[in-house]
1. Order of 14-26, 197-209 by packing, highest average Cβ count within 10 Å first?
2. Could you name the aspartates and glutamates in cross-link range of K146, using Cα to Cα under 17 Å and dropping any fewer than eight places away on the same chain?
3. Starting from the 7 Å offset along Cα-to-Cβ, what nm value, one decimal, do you get for the label separation of E239 and A66?
4. Once you keep just the Cα pairs under 8 angstrom separated by 6 or more residues, what percentage relative contact order results for region 83-144?
5. Work the Kirkwood hydrodynamic radius out for the chain: mean of 1/r over every pair of different alpha-carbon atoms, inverted, in Å.
6. Can you check how the C-alpha radius of gyration of region 113-156 compares to 2.2 N^0.38 Å, as a plain ratio?
7. What are the extents of the Cα atoms of region 83-144 along their three principal axes, in Å, largest first?
8. Which of the trypsin sites (Lys or Arg not before Pro) found in region 35-140 are in a DSSP loop and have at most 14 neighbouring Cβ atoms, other than their own, within 10 Å?
Amino acid sequence: MLDIVIDRKSYPDRGGVPHLALAGLQLRAAPGEFVCVVGPSGCGKSTLLNVVGGLDRDVDGRVQLAGADSARDIGFMFQEPRLMPWLTVLENVLLVTGPSPAAKLRARELLAAMGLGDVLDAFPGRLSGGMQRRVALARAFVIEPKLLLMDEPFVSLDVPTANRLRAMLVEQWQRSGATVLFVTHDLREALALADRVCFLSRSPGRVVLELPVALPRPRLPDDAAVQALQANLLAQHPELLAGLTTFPDGTTDE
Ligand code: ADP
């Protein structure tokens, strides 16, 4: 179980007034659950991932991940693939595991499953953006993470490339049993991926709505069922993507 309670997370401001980025945020995820976090720009999504991943400990609150021994149980994937240009594809993946024979075997298997078996010794600069993301995805899974934190990992890719990566992510997630926290501002991407979508308010961010997604997999963002779910949700909460939920009487929850 991942249990997040953030009472307050603020950043020091230049004028001396702290800037409150998250306040009263509570989020839980079951083991193996795929949770997407959707919210308007600047509401604190990246801040949330940094806190959950232990990259930022300056926070009032707690993050508990049952069964995890250390930060080594947490995998990351960011908007940029963040590969080392002077290391080969295989070496980039082994960077997070060390070069043990077992790690090498696992890295090769993962890279092959992602269609990169022929470019193990290539340098990232030779690869397309989509291939670089696949290397980053393999690197995220090679440690067999209990928790995978993903910050808009498929932005600025063309639609088929992004869909292929999403399918690879779902396949590896289902094999791994990892809990996933996936941040996106793309509602249809969230509905296509998640077991549950948590919507954040405007800054300072907190969870204003949770939506379980029971649609069968595989799903694509363009599937009619995904589009219908999106349309229903936005009919009920027209300003949800701006961080506001709407009560049945039409008033919004600020
Ligand atoms: P999101 O990922 O939802 O776009 P962020 O988590 O990046 O939001 O930022 C949340 C808020 O905190 C924003 O107002 C942003 O300007 C501010 N912020 C983020 N990082 C820092 C920082 N290192 N120092 C000061 N303010 C920050």
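Every number here is computed from the coordinates shown, using simple stated rules; none is lab data. The model shown is predicted, which means the values in this text are computed figures rather than measured ones. Note: ideal-geometry Cβ built from the backbone for every residue, glycine included; neighbour counts use all protein chains shown.
1. On the way: 14-26: 14.5, 197-209: 21.6.
For the peptides 14-26, 197-209, the packing ranking is 197-209, 14-26.
2. D3, E33, D69, D73, E171, D195
3. Each label point lies 7 Å from its Cα, and together they span 3.8 nm.
4. Details: 66 pairs, mean separation 30.4, N = 62.
Once normalised by length, the contact order is 49 percent.
5. Values: mean 1/r = 0.0525 Å⁻¹.
One decimal place: 19.1 Å for the Kirkwood radius.
6. On the way: Rg = 11.3 Å, N = 44, 2.2 N^0.38 = 9.3 Å.
It is 1.22.
7. The Cα atoms of region 83-144 stretch 28, 22, 18 Å along the principal axes, largest first.
8. Numbers: sites: K45, R57, R62, R72, R82, K104, R106, R108, R126, R133, R134, R139; in loops: R57, R82.
In loop regions of region 35-140 (DSSP not H, G, I, E or B), the sparsely surrounded trypsin sites (Lys or Arg not before Pro) are R57, R82.
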